[in-house]
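Quick notes on the structure that follows.
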Amino acid sequence: MANSEPPLKDLPFKIGEQLAYQVYLSSNAQQPVGAITLTVKSRGRYFNRDGLLFSVTAQTTGPGARVFPVNDQITSYVDPTTLLPFRTELNLSEGKYRFSRTYSLDQNRGAAVSDSKERIEIPVGTHDLISTFYSIRTFDLWPSKQNAISLMATSQPRTLLVKSQRRETIEVGGQKINAIMLTLALSGDDPQGDKMQIRLWIGDDARRLPLRIMAVTPLGPVRADLVIAPVTSQ
C-alpha cells in the first residue's frame, strides 16, 4: 500500500515515471513487433519495510506475437536509498518457455530465498533485472569508465560489466538527442559474456533517460526505442 512518503532524493526519476518502448526486429526496421513498459509505480510500506515498487511488462504484438509470443512481467521492490531489491517477482512466458518465481533477497546476509524455499548465495549488493536498469541511470558515466554490478537475472548471480564507450547523437522518435553509449556484458571469465551484444544509449542530461537498447537474440538483432512525445512549437 503506497503512502505519502517524501519525494525521492538525488535520483534522476520520480514516482509515476513510465517509460514505453517500441521493439523492432533488426536495427533499421520501422514496423514494431513488441512493446516494453517500465514504471516507477509507488513508494510505500511493502513486506514490513520502506520500499519503491518498480514494474516491467514486455509483450510481442501483431505479427511478432504470431511468430514468437512473449508476455513477461517482472516486479521489483527496492530500497529507496540504495535501489537494491529485497523482493523480486518473475513471471516469464516466451514461446514455449515458462518461468515463474519469487525471491526474497537478504542483502545483509547475502542470500536469495525462492518461494520454493531454495536458498541461493549472492554477493551483498546484488541487483535484479529492473533495479539494474534504474541503478545504471544513477552512475557517473563520463569520462568513460567501467562499473561492475552483481546481477541476479533469473536463478544465479552473475557479474555484469557496464562500460561507457562514447558520446554521440542519436535519432529517436524523430528527434536528435545527445546520448552516452554503454556496453553491457557479463564479466571476462564468462566466454559467452558479450554473446547478446547489449548496447544501451542513456540521455546525456540530468534525467538520464534510457533512449535505446539493442541486443542480439535467437530471433536476430533487436532494437527497443523509447517512445518520445513529439516536440511542438509554442
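Remarks
- You will find that of ARG199, ARG212, the residue that is closer than 26 Å to PRO63 by Cβ, at pLDDT 85 or above, open to solvent by 40 Å² or more (accessible area, probe 1.4 Å) and within 13 Å of the chain's Cα centre (by Cα) is ARG199 and no other.
- Within the stretch 219-234, the only residue that satisfies the criterion of being at pLDDT 75 or above and exposed (fewer than 12 other Cβ atoms within 10 Å of the Cβ) is GLY220.
- Residues of the stretch 158-184 classified as open to solvent by 20 Å² or more (accessible area, probe 1.4 Å) and on the phi < 0 side of the Ramachandran plot, total: 16
Per-residue answers, yes or no, for (1) open to solvent by 80 Å² or more (accessible area, probe 1.4 Å); (2) more than 22 Å from ALA185 (Cβ to Cβ); (3) at pLDDT 95 or above; (4) in contact with a strand residue (DSSP E or B) (Cβ under 8 Å, 6 or more places away or on another chain):
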position	(1), (2), (3), (4)
ARG109	yes, yes, no, no
SER114	no, yes, no, yes
ARG119	yes, yes, no, yes
ASP140	yes, no, no, no
SER144	no, no, no, yes
ALA148	no, no, no, yes
GLN156	yes, no, no, yes
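- Of the residues making up the stretch 38-70, those that are under 14 Å from the mean Cα position of the chain (by Cα), among the polar types (S, T, N, Q) and under 20 Å from ARG98 (Cα atoms) number 2.
The values are calculated or read from the model by the stated rules, or taken from the named source; none is laboratory data. What you see is a predicted model; the values in this text were computed from it and never measured. FYI the Cβ positions are ideal-geometry reconstructions off the backbone, even for glycines, and counts take in every protein chain you see. All accessible areas refer to the heavy atoms of the entire protein, side chains included, with ligands and DNA or RNA removed. Shrake-Rupley method; radii C 1.70, N 1.55, O 1.52, S 1.80 Å.
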